[in-house]
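Let me begin by presenting the structure, written as structure tokens, before commenting on it.
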Amino acid sequence: MMKHCNCQLIILLTGLLLLHSVAWAQDSLKISKPINDTTHDFKLTQLIFPAACIGVGIAGIGSDWLQYQNHEVRDELQENIDRRISIDDFSQYAPMAAVYGLNLCGVKGLHNFKDRTRLLAISFLTSTILVTSLKHTIHVERPDSSSRNSFPSGHTATAFMGAEFLYQEYKDVSPWIGVAGYTVAAGTGFFRMYNNRHWLTDVVAGAGIGILSTKLAYWLYPKLVKKASYKQGTKSFQLIGVPYYERGQAGLAMHISF
């Protein structure tokens with residue numbers, strides 16, 4: 001009973017934080033100040049956190065101490081649980097959806113619809129490639145023993161990719177919007193462990209991959225799109241997305257040409 005109350009409290013606090021951040025962002029629009037686009041500037045220090053997360057995740061594959069921590073966390077979360085909460089299947093997409101939702105509500109982000117959609121597509125493609133490659137290379141068994149593709153957590157990677165995307169687009173409007181996105185992403189990672197689908201190190205590595213994928217997208221975007229095209233919005237960049245469903249798994253195949 002206590003664990004169900006704690007989970008409900010986490011969901012409630014996350015929702016309240018998101019609503020509070022949106023309200024703060026809307027209030028901040030009353031102050032007219034220029035937004036300087038520095039999101040495409042490469043900064044080595046920004047690699048420290050995602051690289052550390054990915055490093056811890058990989059180290060957990062061969063570290064007895066980290067393996068012990070994985071099992072301790074799993075056993076603690078699974079104690080007295082009588083039902084699963086599948087909110088993580090939906091919350092992984094919430095941060096990226098919030099970018100478009102806020103814009104529809106009149107809260108303007110850093111980029112226009114076309115540029116932000118391109119950035120999201122590159123981020124998603126990068127994250128998918130990294131996650132899929134690692135899953136097919138490092139065969140870690142899931143906590144529930146259902147398969148051997150536990151490392152890293154794809155749900156968590158998607159959630160943190162979207163959270164970083166939300167932060168980059170709205171950090172000059174209100175930093176609390178980014179905080180809300182990261183709170184939802186962290187909740188997604190928590191429920192992947194709560195639902196016995198991933199180990200702690202899977203979630204940590206997924207978070208690092210998601211953040212890194214978005215940062216790479218913002219750094220590389222001006223180089224992928226010609227400078228004149230980037231400023232004037234000409235059609236020299238083409239993106240095609242095709243959804244697919246195979247062997248019980250859904251996904252999105254992306255084709256980018258420029």
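Looking at region 105-135, which of the residues that are among the small types (G, A, S), surrounded by 16 or more Cβ atoms within 10 Å (Cβ to Cβ) and modelled with pLDDT of 95 or more is nearest to I58 (Cα to Cα)? This residue is S127. Remark: I85 matches the filter, which requires a residue to be farther than 17 Å from A217 by Cα and hydrophobic (A, V, I, L, M, F, W, C).
Just to be sure before I move on: is I177 in a helix (DSSP H, G or I) and either out of contact with any Lys or Arg (no Cβ under 9 Å at 6 or more places or on another chain) or among the hydroxyl-bearing types (S, T, Y) (or both) in the structure I sent?
no
A search for C-beta distances below 6 Å between a residue of region 168-186 that is over 23 Å from H40 (Cβ atoms) and among the acidic types (D, E) and any residue that is at pLDDT 95 or above and surrounded by fewer than 24 Cβ atoms within 10 Å (Cβ to Cβ), counting only pairs 6+ apart in sequence or on different chains, returns nothing. In region 73-90, the count of residues that are within 30 Å of E169 (Cβ to Cβ), within 16 Å of the chain's Cα centre (by Cα) and hydroxyl-bearing (S, T, Y) is zero.
Among the residues making up region 71-104, those that are loosely packed, with under 12 Cβ neighbours inside 10 Å and assigned to a loop (DSSP other than H, G, I, E, B) are E79, N80, D82, R83, S86. Can you spot a residue in region 15-22 that is in contact with a Cys (Cβ under 9 Å, 6 or more places away or on another chain) and modelled with pLDDT under 50? Checking region 15-22: at least one residue is in contact with a Cys (Cβ under 9 Å, 6 or more places away or on another chain) and modelled with pLDDT under 50. Considering G154, G162, which residue is within 13 Å of the chain's Cα centre (by Cα) and within 13 Å of T214 (Cα to Cα)? None of the other options fit; the residue is G162. Per the conditions (1) within 21 Å of P175 (Cα to Cα); (2) in a helix (DSSP H, G or I); (3) not basic (K, R), the sole criterion not satisfied by H111 is (2).
Do you know which residues across region 191-214 are in a helix (DSSP H, G or I), of a type outside the set (G, A, S) and under 18 Å from N149 (Cα atoms)? Before you say what the answer is, go through the steps one by one.
Of all residues in region 191-214, those in a helix (DSSP H, G or I) come to 191-194, 200-214.
This time we only want the ones that are of a type outside the set (G, A, S), so: 191-194, 200-204, 209, 211-212, 214.
Correct list: F191, R192, M193, Y194, L200, T201, D202, V203, V204, I209.
The values are calculated or read from the model by the stated rules, or taken from the named source; none is laboratory data. Just so it is clear, the model here is predicted, and its values are computed rather than measured. Here Cβ is always computed from backbone atoms with ideal geometry, including for glycine, and neighbour counts include all displayed protein chains.
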